[in-house]
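J.: Have a look at this one.
The values are calculated or read from the model by the stated rules, or taken from the named source; none is laboratory data. Note that this is a predicted model, so its numbers are computed, not measured. With ideal geometry, Cβ positions are generated from the backbone for all residues, glycine too; neighbour counts draw on all protein chains shown.
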Amino acid sequence: MKEHSKYQINIQGLENKRHEFDFEGDDAFFESFEQELIEKGNFKADVKLDKSLTMIRLDLHITGSLTLVCDRSLEEFEEPFEIYEKYVYKFGDDYEVVSEDMEVIPFGTAEINLARNIFEYIGLALPMKRLHPSLRSDDDEGGFVFSDSEEKEDTPKSEAIDPRWAALQSLKKDL
């Protein structure tokens with residue numbers, strides 16, 4: 001976890017005001033998490049930390065690019081990303097995760113580590129379909145689209161329609 005120690009902030013000695021921190025990461029950062037979701041990439045995280053007596057508010061701006069493998073062609077490609085997130089640490093008696101963007105930490109906590117948060121935000125920014133940019137279309141990211149006009153051309157017009165269905169078709173036209 002030596003790689004994760006780069007993302008620690010000593011909060012015990014910080015004054016109650018706004019502070020700014022910059023973090024950078026590369027392939028070693030993603031490899032340190034023992035996962036297969038992201039293997040290669042780089043990022044730069046600008047963190048604005050507002051400390052008060054009762055809580056710490058983080059505003060994260062993370063930019064970078066990931067090397068992904070296309071789901072269709074199995075070619076590697078670069079996927080750029082830009083993330084804006086907020087996270088809150090509240091001081092309390094015990095450690096507790098309240099929600100996806102807030103947790104309670106004990107009053108005497110000396111430092112917080114942002115490695116997990118940064119990794120999760122980058123993981124959430126991954127596209128569902130990993131398509132090489134040359135395979136993407138403007139409409140649907142490469143999916144198939146069927147319109148009503150295409151479906152009607154495939155059915156023969158001279159086909160006899162069952163009278164039960166004809167009655168239902170007339171109801172459909174009335175709507």
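J.: Among the residues of the range 87-105, count how many are over 21 Å from the mean Cα position of the chain (by Cα) and either within 20 Å of residue 15 (Cβ to Cβ) or in contact (Cβ under 8 Å) with a residue 60 or more places away in the chain (or both).
T.: Number of matching residues: 3.
J.: Another question about this same structure. Does the range 114-131 hold any residues that are assigned to a loop (DSSP other than H, G, I, E, B) and surrounded by fewer than 19 Cβ atoms within 10 Å (Cβ to Cβ), and which are they?
T.: Scanning the range 114-131 gives 125, 126, 127, 128, 129, 130.
J.: Within the range 65-79, count every residue that is surrounded by 11 or more Cβ atoms within 10 Å (Cβ to Cβ), of a type outside the set (Gly, Ala, Ser) and free of Cβ contacts under 8 Å to residues at least 40 places away in the same chain.
T.: Residues in the range 65-79 being surrounded by 11 or more Cβ atoms within 10 Å (Cβ to Cβ), of a type outside the set (Gly, Ala, Ser) and free of Cβ contacts under 8 Å to residues at least 40 places away in the same chain: 3 in total.
J.: Kindly list the number of the only condition in (1) of a type in the set (Asp, Glu); (2) more than 25 Å from residue 128 (Cβ to Cβ); (3) exposed (fewer than 13 other Cβ atoms within 10 Å of the Cβ) that fails for residue 59.
T.: (3)
J.: Would the range 82-93 turn up any residue that is surrounded by 14 or more Cβ atoms within 10 Å (Cβ to Cβ), out of contact with any strand residue (DSSP E or B) (no Cβ under 6 Å at 6 or more places or on another chain) and either under 30 Å from residue 133 (Cα atoms) or not basic (Lys, Arg) (or both)?
T.: The answer is yes, given that some residue of the range 82-93 is surrounded by 14 or more Cβ atoms within 10 Å (Cβ to Cβ), out of contact with any strand residue (DSSP E or B) (no Cβ under 6 Å at 6 or more places or on another chain) and either under 30 Å from residue 133 (Cα atoms) or not basic (Lys, Arg) (or both).
J.: Moving to a separate point now. Among the residues of the range 1-50, write down those that are modelled with pLDDT of 90 or more, exposed (fewer than 14 other Cβ atoms within 10 Å of the Cβ) and either in contact with a helix residue (DSSP H, G or I) (Cβ under 6 Å, 6 or more places away or on another chain) or under 19 Å from residue 68 (Cβ atoms) (or both).
T.: 26, 27, 28, 31, 44
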